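K.L.:
Can you keep this structure in mind? I'll have questions shortly.
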Amino acid sequence: MDAAPTPRRPVSPFPRSERQDPRALALDVLQRVEATDAYANLLLDVRLRKSGLTGPDRALATELVYGVLRWRGKLDWILTQVLDRPLSALDRPVRQILRLGAYQLCCLARIPDFAAVDEAVRLARRAGAGRSAGYVNAILRTVARRRGTPDGDPTADPIGYWGSVGSHPRWLVERWVDRLGPDEAGQLMAASNTVPPVTVLVNALKACSEDVWRALMQAALEVVSGRWVPGAFSLRCAGGVADLPGFAEGWLIPMDEAGALPVLALDLTPGQRVLDACAGGGSKSALIAGRVGPEGEVVALDRSPRAMRRLEAAIRRLGLGPVRPRLADARSAGATWPGEFPRVLLDAPCTGLGTIRRRPEIRWRRQPADLARAATLQRDLLEGVAGAVARGGLLVYSTCSLEPEETDAVVATFLAAHPEFHLDSPAPALHQPADLVDGGGLLRAWPHRHGTDGFFVARLRRAS
């Protein structure tokens with residue numbers, strides 16, 4: 001039997017400003033993420049810094065943004081049961097407001113139904129969708145009444161379940177079930193729906209692990225040492241990474257443990273010269289710099305001016321003296337520095353499908369055609385950087401995707417065209433190889449097996 005509707009409470013005569021409203025902030029971020037290629041984590045950090053929100057309101061805004069992105073498939077499935085038109089036919093603000101309301105009603109037990117519904121109606125009026133306020137009210141009240149409807153059976157219909165209630169795009173569900181089987185694919189998707197811990201690595205140029213550990217513990221944080229990478233710490237905290245003790249001082253490098261595995265695979269020693277061919281914001285350049293030390297050099301390439309600005313900011317915060325930023329395309333690296341680097345890292349641009357637990361919006365952005373486009377660029381980049389590797393040197397290729405087109409296929413094509421390179425297992429350079437490296441010498445970190453983001457690493461050695 002449906003529960004009786006919760007009596008509506010009157011709207012407060014003292015509306016909060018949008019600047020101080022966590023739901024309005026969440027709506028703004030969600031709309032921008034849907035309409036552009038902005039990453040939710042970067043956009044949310046900027047909005048939170050400007051908002052003045054603190055404590056529970058800050059935590060609520062963060063919960064709403066990531067929760068709606070992570071569970072969008074399930075929320076859309078719930079809403080489709082009660083809507084009188086396709087969800088895609090609704091204006092973007094109304095669509096996102098309904099998702100926000102449904103998330104609070106169906107996924108957050110601590111928010112009363114009346115608050116979730118009333119705030120959604122208020123938000124519709126503020127967002128210029130006042131004509132839809134009554135519609136939002138009616139839909140969300142119906143969602144509240146129908147809550148508790150059976151969700152489906154992942155065993156009987158894994159593709160139907162994970163493509164709706166399990167909140168993954170159907171094409172990706174079908175792909176993973178076909179490749180991994182329904183049981184393991186289900187484990188992977190369940191892991192991808194979890195909230196990952198905040199993970200930081202110690203900047204060896206400025207701090208030691210013991211000092212960072214003490215600082216984090218003194219802040220009363222729940223801290224766990226990393227399993228796979230020395231100097232890694234995972235923690236649960238309500239604030240952002242920038243609020244952590246030691247961040248402003250440059251002690252901390254935000255990064256999932258799997259993201260550091262390509263750097264370990266380089267097997268670095270002090271004083272080496274290294275090319276970071278697609279440096280991005282500089283996190284891996286920072287780890288490399290900590291290992292080669294002040295006597296070494298890290299040439300950090302990126303062709304994006306925006307990435308270069310982030311890299312330069314990281315250099316200032318982290319004190320990365322050995323890092324030399326260079327605005328350039330990695331595809332010309334071999335011609336620019338023929339045979340000059342004993343170590344080259346190509347952490348290639350990819351679909352990012354290994355990181356959807358941390359960047360949940362990626363699952364809704366990617367399409368099957370993106371895999372072929374990414375692989376074409378990855379092959380071109382590998383071809384472009386190969387000439388920069390010194391004889392006897394190492395070229396590490398990595399992606400935060402585990403899809404075969406971006407991993408095994410790219411490496412196989414490269415090796416077929418470059419007999420002077422061969423696969424060289426990274427296992428001896430790892431802190432804890434365990435089952436990370438397969439019999440062919442390729443490294444794969446999986447969310448459901450290793451508790452990390454999904455990452456692929458191939459270490460290629462050039463003949464002497």
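The values are calculated or read from the model by the stated rules, or taken from the named source; none is laboratory data. In this text the structure is predicted, and so the values were computed from the model without any measurement. A quick note on method: Cβ atoms are made from the backbone with ideal geometry, for glycine too, and the neighbour counts reach across all protein chains shown.
K.L.:
Here are E222, E257: which of them is modelled with pLDDT of 95 or more, charged (D, E, K, R) and in contact with a strand residue (DSSP E or B) (Cβ under 6 Å, 6 or more places away or on another chain)? Spell out how you get there, then give the answer.
P.N.:
Numbers: E222 fails: modelled with pLDDT of 95 or more.
None of the other options fit; the residue is E257.
K.L.:
Then there is this: If the requirement is being modelled with pLDDT under 90, outside any loop (DSSP other than H, G, I, E, B), surrounded by fewer than 20 Cβ atoms within 10 Å (Cβ to Cβ) and within 26 Å of the chain's Cα centre (by Cα), which of these qualifies: R49, R19?
P.N.:
Answer to the check: R49.
Matching residues to (1) over 18 Å from the mean Cα position of the chain (by Cα); (2) small (G, A, S); (3) under 18 Å from K206 (Cβ atoms):
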position: C237; (1), (2), (3): no, no, no
position: E257; (1), (2), (3): no, no, no
position: L264; (1), (2), (3): yes, no, no
position: P294; (1), (2), (3): yes, no, yes
position: R306; (1), (2), (3): yes, no, no
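K.L.:
Quick one: L235 ticks every box in (1) of a type outside the set (V, I, T); (2) at negative phi; (3) buried (at least 16 other Cβ atoms within 10 Å of the Cβ); (4) assigned by TED's automatic domain parsing to the domain that holds A286 bar one, so which box is it?
P.N.:
Against the list (1) of a type outside the set (V, I, T); (2) at negative phi; (3) buried (at least 16 other Cβ atoms within 10 Å of the Cβ); (4) assigned by TED's automatic domain parsing to the domain that holds A286, L235 comes up short only on (4).
K.L.:
In the stretch 92-115, is there at least one residue being in contact (Cβ under 8 Å) with a residue 60 or more places away in the chain, assigned to a helix (DSSP H, G or I) and more than 30 Å from Y39 (Cβ to Cβ)?
P.N.:
Checked against the condition, which is being in contact (Cβ under 8 Å) with a residue 60 or more places away in the chain, assigned to a helix (DSSP H, G or I) and more than 30 Å from Y39 (Cβ to Cβ), the stretch 92-115 yields at least one hit.
K.L.:
Considering only residues that are part of a helix (DSSP H, G or I) and buried (at least 18 other Cβ atoms within 10 Å of the Cβ), which ones fall in the stretch 146-162? Lay out the reasoning, then the answer.
P.N.:
Filtering the stretch 146-162 for residues part of a helix (DSSP H, G or I) gives 146, 158-162.
P158, I159, Y161, W162, listed by residue number.
K.L.:
Could you say which residue among V229, V165, V177 is outside any helix (DSSP H, G or I) and either touching a strand residue (DSSP E or B) at 6+ places or on another chain (Cβ under 8 Å) or within 23 Å of D435 (Cβ to Cβ) (or both)?
P.N.:
Matching residue, one of V229, V165, V177: V229.
K.L.:
Among the residues of the stretch 182-204, are any in contact with a strand residue (DSSP E or B) (Cβ under 6 Å, 6 or more places away or on another chain), in a helix (DSSP H, G or I) and under 19 Å from V224 (Cα atoms)? Even if it seems obvious, please write down each step before you answer.
P.N.:
First, pick out the residues of the stretch 182-204 that are in contact with a strand residue (DSSP E or B) (Cβ under 6 Å, 6 or more places away or on another chain): 197-201, 203.
Those left that are additionally in a helix (DSSP H, G or I): none.
No, every residue in the stretch 182-204 fails to be in contact with a strand residue (DSSP E or B) (Cβ under 6 Å, 6 or more places away or on another chain), in a helix (DSSP H, G or I) and under 19 Å from V224 (Cα atoms).
K.L.:
Are any residues in the stretch 391-444 assigned to a strand (DSSP E or B), without any contact (Cβ under 8 Å) to a residue 60 or more places away in the chain and more than 26 Å from the chain's Cα centre (by Cα), and if so, which ones?
P.N.:
Looking only at the stretch 391-444, we keep the residues that are assigned to a strand (DSSP E or B), and these are 391-399, 421-423, 437, 442-444.
Still in the list and also without any contact (Cβ under 8 Å) to a residue 60 or more places away in the chain: 399, 421-423, 437, 442, 444.
Listed by number, the residues that qualify are F421, H422, L423.
K.L.:
Outside the structural domain of A313 (by TED's automatic domain parsing), at pLDDT 95 or above, more than 22 Å from R331 (Cα to Cα) and not small (G, A, S), is that true of L264? Outline the logic, then answer.
P.N.:
Numbers: outside the structural domain of A313 (by TED's automatic domain parsing): no; at pLDDT 95 or above: yes; more than 22 Å from R331 (Cα to Cα): yes; not small (G, A, S): yes.
Taking the combined requirement at face value, the residue does not satisfy it.
K.L.:
Going through R99, R110, R85 one at a time, which residue ends up being over 30 Å from A307 (Cβ atoms), of a type outside the set (A, V, I, L, M, F, W, C), outside the structural domain of G281 (by TED's automatic domain parsing) and at pLDDT 95 or above?
P.N.:
Details: R110 fails: at pLDDT 95 or above; R85 fails: at pLDDT 95 or above.
Result: R99 is the single residue among R99, R110, R85 that is over 30 Å from A307 (Cβ atoms), of a type outside the set (A, V, I, L, M, F, W, C), outside the structural domain of G281 (by TED's automatic domain parsing) and at pLDDT 95 or above.
K.L.:
Also: Could you check the stretch 55-91 and list, in sequence order, the residues that are in contact (Cβ under 8 Å) with a residue 40 or more places away in the chain, small (G, A, S) and buried (at least 20 other Cβ atoms within 10 Å of the Cβ)?
P.N.:
G67, G73
K.L.:
Still on this structure, I have one more. Which members of the stretch 308-337 meet the condition of being without any contact (Cβ under 8 Å) to a residue 40 or more places away in the chain and closer than 17 Å to V385 by Cβ?
P.N.:
R324, R326, L327, A328, listed by residue number.
K.L.:
Continuing with the same structure: Quick one: what pairs do we get from the stretch 159-186, first residue closer than 16 Å to G354 by Cα, second aromatic (F, W, Y), C-beta under 7 Å, 6+ apart or different chains?
P.N.:
As it stands, the answer is S167/W71; H168/W162; P169/W364; V173/W162; A185/W176; G186/W162, since those pairs meet every condition given.
K.L.:
From the list A445, A374, A434, A409, exactly one residue is hydrophobic (A, V, I, L, M, F, W, C), closer than 24 Å to M189 by Cβ and at pLDDT below 95. Which is it?
P.N.:
On the way: A445 fails: at pLDDT below 95; A374 fails: at pLDDT below 95; A409 fails: at pLDDT below 95.
Only one candidate qualifies: A434.
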